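To start, the structure under review is shown below, and the notes come after it.
Rule-based calculations on the coordinates, nothing more; no lab input. Every value quoted in this text rests on a predicted model; they were computed, and no experiment measured them. Positions of Cβ are backbone-derived with ideal geometry, glycine not excepted, and every protein chain shown enters the neighbour counts.
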Amino acid sequence: MAMEIERKFLVQPGWKPQSAGTDYMQGYLYAGGHGPTVRVRVAGHKAFLTIKGPPEGLARLEFEYPIPPEDARHMLASLAGGRVIEKTRYLVEHAGHTWEVDVFAGHNSGLVVAEVEITHPDEPVVLPDWVAEEVSFDHRYANVYLSLHPWPEWGSGKGAP
C-alpha cells in the first residue's frame, strides 16, 4: 500500500533557486471534496495519473502510474475543465531530507510553497531558514483547492499577496 506523509510550508519572500527546476502542469479529473482525487500531471517529459485518498492527518493513500505525456496533455486540455496548475518544482537537500519547492505560475503566480515527505507523522524535520509558516493543515494550500480557488483571489486572507 502506498502512503504519502508530508508537511507543507510557505517560503520566505526572496527565496531563490540554486539549481534548475522541472516545469509541472497538473489538473484534476475528479476531486471528491473530502474524498479521493484523481490527478493528471505532466512533469518535464514524463506524465502520471495519480489517485489520492482523503487526508488522515498528515498521511493519505497515494497511487501513481506513468502514462504517455501526449495522453496527459489531452486529458488536461479536455477533462480538467481549464483548471490547470502551473508551477516549477525545485529539489533542495537539507538536513537529510529532500524538500520540493514549488514556485507557482499562471493563476497562482506569486505563491511559493515547500513540501517535505516524511516516513511517519512524528518524524523530526530540521526546518531550513527559508521556510515560513507551516500550512500542512490548511486545505487552501492543497493543489486541488488552488486549481479551483487561485491564491490571488483569496483577498486579504492568510497568504494572499
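Could you grab me the full set of residues in segment 3-34 that are polar (S, T, N, Q) and touching a helix residue (DSSP H, G or I) at 6+ places or on another chain (Cβ under 9 Å)? Selection gives GLN26 alone. Listed by first and then second residue, the pairs linking a residue in segment 27-38 that is closer than 14 Å to HIS139 by Cα to a residue that is among the polar types (S, T, N, Q), with Cβ atoms under 7 Å apart and 6 or more places separating them unless they lie on different chains, are ALA31/THR37. Could you tell me whether any residue of segment 95-104 is surrounded by fewer than 17 Cβ atoms within 10 Å (Cβ to Cβ), under 23 Å from TYR30 (Cβ atoms), touching a Ser or Thr at 6+ places or on another chain (Cβ under 9 Å) and in contact (Cβ under 8 Å) with a residue 24 or more places away in the chain? Within segment 95-104 (the criterion being surrounded by fewer than 17 Cβ atoms within 10 Å (Cβ to Cβ), under 23 Å from TYR30 (Cβ atoms), touching a Ser or Thr at 6+ places or on another chain (Cβ under 9 Å) and in contact (Cβ under 8 Å) with a residue 24 or more places away in the chain), the answer is no, since none of the residues qualifies. If you scan segment 139-161, which residues turn out to be farther than 21 Å from LEU76 by Cβ, outside any helix (DSSP H, G or I) and without any contact (Cβ under 8 Å) to a residue 40 or more places away in the chain? Answer for segment 139-161, where residues must be farther than 21 Å from LEU76 by Cβ, outside any helix (DSSP H, G or I) and without any contact (Cβ under 8 Å) to a residue 40 or more places away in the chain: GLY155, SER156, GLY157, LYS158, ALA160.
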